[in-house]
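Here the structure comes first, spelled out in structure tokens, and everything after it is commentary.
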Amino acid sequence: MEAMEIDPETNSKGKDEAKPIMVILMGAPGSGKSTFCDLVMRVSTRHWVRICQDTIGNGKAGTKNQCLAGAASALKEGKSVFIDRCNLDREQRADFVKLVGPEVEKHAVVLDLPAKVCISRSVKRTGHEGNLQGGKAAAVVNRMLQKKELPKLNEGYARITVCQDENNVQAAINTYTALGPSDKLPPGFFGQKNSDAKVQLGIMKFLKKKDPPGYSDTVTNVSPENIQSHATKKTDSNQVVESREEPKMTAAGSNISLENTPTLAFPSISTADFHFNLDKASDIIVEKVEEYVNKLGNARLVLVDLSQNSKILSLVKAKAAEKNIDSKKFFTFAGNITKLYSEGGLHCTAIANATNWRLKPGGGGVNAAIFSAAGPALETATKARIGSLSPGKAIVVPLPSSSPLFSREGVTHVIHVLGPNMNPQRPNHLNNDYVKGCQILREAYSSLFDGFASIARTQGEPSKDNFEKELKREAQPEQGSTNGDQKAKREAVCEADMNKKYKSFVKEPGPNVGSSGDGNSGEQTRKAWGSWAQALYDTAMHPERHKNIIEKSDDVVVLNDLYPKAQKHFLVLARVEGLDRLADVQKEHLTLLKTMHSVGLKWAEMFLSENNSLIFRLGYHSAPSMRQLHLHVISQDFDSKHLKNKKHWNSFNSPFFRDSVDVIDEVSQNGKATLKDENFLSMELRCHRCRSAHPNIPRLKAHISSCQASFPAFLLQNGRLVLLEGKDADH
DNA sequence: GTTCTAGAAC
DNA sequence: GTTCTAGAAC
């Protein structure tokens, strides 16, 4: 039997008196605050009271003061409270934080779901039909979201959990459901730190790579080293545990994303109950990790111990650093191995269980914790595989999706491992024979890592071979109706999905990748142009063959866009062979860029003289669909029957659209332009003026046809918007 | 880039 | 039933 070192600070055992807490929910109408409370209260063993402004007034609209009074009296009775009101701005929630002294912990749970989701839920909830109600709900949600301020720890919260998708919400529900009357959650900031949820989850992945200037959503990029240093720091009440991004955590029943890095969390084997010498054990851990870390591809190994002051963690950490082991692939982590994701934000696909030879639950320590957290499903699944384990051996057990470890923590496999027993108080100990002990411990780690390697292979990113497979499959005739064929089709579909994921994962050349003009030199293969994408190239090379052209010079061709996305929408084409897109632009093209800009400006002014209400913006698409570098000059009314979908909108109204002035600056400074991720094309629809969110294109178009709000400050600077002199875009 | 359309969302 | 999106084909 194996036990972890116990940390007196975080361990709740022995403190039995109930500790009421106040959980302040924050979120727009429709974000799911009430559902959150209901789900927790239905199962929790803690005595919760939900303070809801909608219901506290007994039919009439409640007041904030009623809520404050209700919360105070519940807390006085020793009950924990949920403050179920929007609480979106700091001022609104400050009174609740101040309501009681520090003896009551205050937590914030932010349901920061996409505006679209909240709007559509609120609309549903009104139960009314017609656009008016829907429109009203949208307006309310939008108004509230504009006031949104994410909570900060210094407002007085011991713990902040930010949920940005349903999986985050479920994880938070599970965390609070599992919080017994005398339990305590670790303090800190959990969840994505994204200053306002303008950007959806898919985009977060990109933001991790690079913070786009101008869209200043701050995302803290946390490397394993940072996680480690935060987590092993001595906790004080103000400690900020920065957001750890594992956004691909999935909920019960769904598949674990292939984009997850396979990660094994393992406790130190034999060093607790089995009394293995810590110094010797740490040598063996580092030796074995070093041996395996490179065999495991992109998979990660994490040594976990409950205690923040763990001796074994610090020994291993120091020795691993000495050996220069890649800290991205191996690091130490202080936390509860059964709650690495929900409490520590660290998503591990597999966890090792330092078990007993009978593979039975109980005993205490890691084994008891893991069997208890995994539920009876683990015991059943283990029994189905093997009856007992000898020292030095490990066995991989896939975790059924019914297990909370799977649904809450995203753990797909438990690997039981049995180490040598050096404890003279226990039966079958090795009588201080460290020759044998070390040999068995090495063997145990080998078995453990081999077991992990076998599953990591199937959890990791698909190999490039899949591209070939996909090509082959496309070449095959897809006919037949036998079951076998259907199965094959299903598999094919599944594989295609994998390919999609893989492609989107690696395809994006990213900002400034590679030297431009390198043609097919191999590394990042660019998307090939389809036949339909050649029209502009042909226009640039042979303008005489084309109509719709409004100006032609040696450097550029100006033409109206064939499918204008606004009242006025024209293109300035560069007439340089091989200059296909923004990614190809180098310092030598600076003059050309300036020419394109001034020609665009000239024509914008020309159209302005015809219609002085127009406002123009000049810029490039980060990844254009059509070949040949072209500058879009587009009026900001976006009044066009050709503007039909999200991609159309976001290609002109997200960071994907690179203002000509910025491109010129960047190229003159860095010799290249920054390109933004294509994921921006699928972000939620927001008005380019007031930034309100809209559930679909028709609603958005209805809104922008009348929105007169001033443009965001970013656009008002540096001549990004072109309008009649004397006219003010900021009115 | 657009068009077409299945099927999801309403 | 109608509206809307998103993926495939071009």
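Looking across segment A:633-644, the residues that are surrounded by fewer than 23 Cβ atoms within 10 Å (Cβ to Cβ), within 12 Å of DNA strand B (Cβ to nearest atom) and touching a residue at least 24 places away in the same chain (Cβ under 8 Å) come down to A:S640, A:H642, A:L643, A:K644. Restricting attention to segment A:295-305, the residues that are of a type in the set (D, E, K, R) and open to solvent by less than 40 Å² (accessible area, probe 1.4 Å) total 2.
If you go through segment A:553-568 and pick out every residue that is within 13 Å of DNA strand B (Cβ to nearest atom) and more than 11 Å from A:W603 (Cβ to Cβ), you end up with 6.
Checking A:L179, A:L145, A:L113 one by one, the residue that is under 21 Å from the mean Cα position of the chain (by Cα), assigned to a loop (DSSP other than H, G, I, E, B), at pLDDT 70 or above and of a type in the set (A, V, I, L, M, F, W, C) is A:L113 and no other. Being within 22 Å of A:H688 (Cα to Cα), within 16 Å of DNA strand C (Cβ to nearest atom), open to solvent by less than 10 Å² (accessible area, probe 1.4 Å) and of a type in the set (G, A, S), is that true of even one residue in segment A:597-616? Taking every residue of segment A:597-616 in turn, none turns out to be within 22 Å of A:H688 (Cα to Cα), within 16 Å of DNA strand C (Cβ to nearest atom), open to solvent by less than 10 Å² (accessible area, probe 1.4 Å) and of a type in the set (G, A, S).
If you go through segment A:306-323 and keep only what is modelled with pLDDT of 90 or more, open to solvent by 10 Å² or more (accessible area, probe 1.4 Å) and not in a helix (DSSP H, G or I), you end up with A:L306, A:K323. Within segment A:568-584, the set of residues being more than 27 Å from A:L608 (Cβ to Cβ) and assigned to a loop (DSSP other than H, G, I, E, B) comprises A:V576, A:E577, A:G578, A:L579, A:D580, A:R581.
Has segment A:672-679 got at least one residue that is surrounded by fewer than 16 Cβ atoms within 10 Å (Cβ to Cβ), outside any strand (DSSP E or B) and within 16 Å of DNA strand B (Cβ to nearest atom)? There is no residue in segment A:672-679 that is surrounded by fewer than 16 Cβ atoms within 10 Å (Cβ to Cβ), outside any strand (DSSP E or B) and within 16 Å of DNA strand B (Cβ to nearest atom). Just wondering, is there one or more residues in segment A:45-52 that are out of contact with any Cys (no Cβ under 6 Å at 6 or more places or on another chain), of a type outside the set (D, E), in contact (Cβ under 8 Å) with a residue 40 or more places away in the chain and crowded, with 18+ Cβ neighbours inside 10 Å? Yes. When A:K647 is tested against (1) more than 21 Å from A:S705 (Cβ to Cβ); (2) within 12 Å of DNA strand B (Cβ to nearest atom); (3) open to solvent by 10 Å² or more (accessible area, probe 1.4 Å), exactly one condition is not met: (1). Residue pairs whose Cβ atoms lie under 6 Å apart, separated by 6 or more positions or on different chains, with the first residue in segment A:617-628 and at negative phi and assigned by the TED database to the domain that holds A:G578 and the second within 16 Å of DNA strand C (Cβ to nearest atom) and in a loop (DSSP other than H, G, I, E, B), are A:S622/A:F656; A:R627/A:W529.
Of the residues in segment A:538-567, how many are touching a residue at least 24 places away in the same chain (Cβ under 8 Å), open to solvent by less than 40 Å² (accessible area, probe 1.4 Å), farther than 23 Å from A:S613 by Cβ and among the aliphatic types (A, V, I, L, M)? Residues in segment A:538-567 being touching a residue at least 24 places away in the same chain (Cβ under 8 Å), open to solvent by less than 40 Å² (accessible area, probe 1.4 Å), farther than 23 Å from A:S613 by Cβ and among the aliphatic types (A, V, I, L, M): 2 in total.
The values are calculated or read from the model by the stated rules, or taken from the named source; none is laboratory data. All of these numbers come straight from a predicted model, not from anything done at the bench. Reconstructed Cβ throughout: ideal geometry from the backbone, glycine too, with neighbour counts over all protein chains shown. In case anyone asks, the SASA skips ligands and DNA or RNA and just uses the protein heavy atoms, side chains included. Shrake-Rupley method; radii C 1.70, N 1.55, O 1.52, S 1.80 Å.
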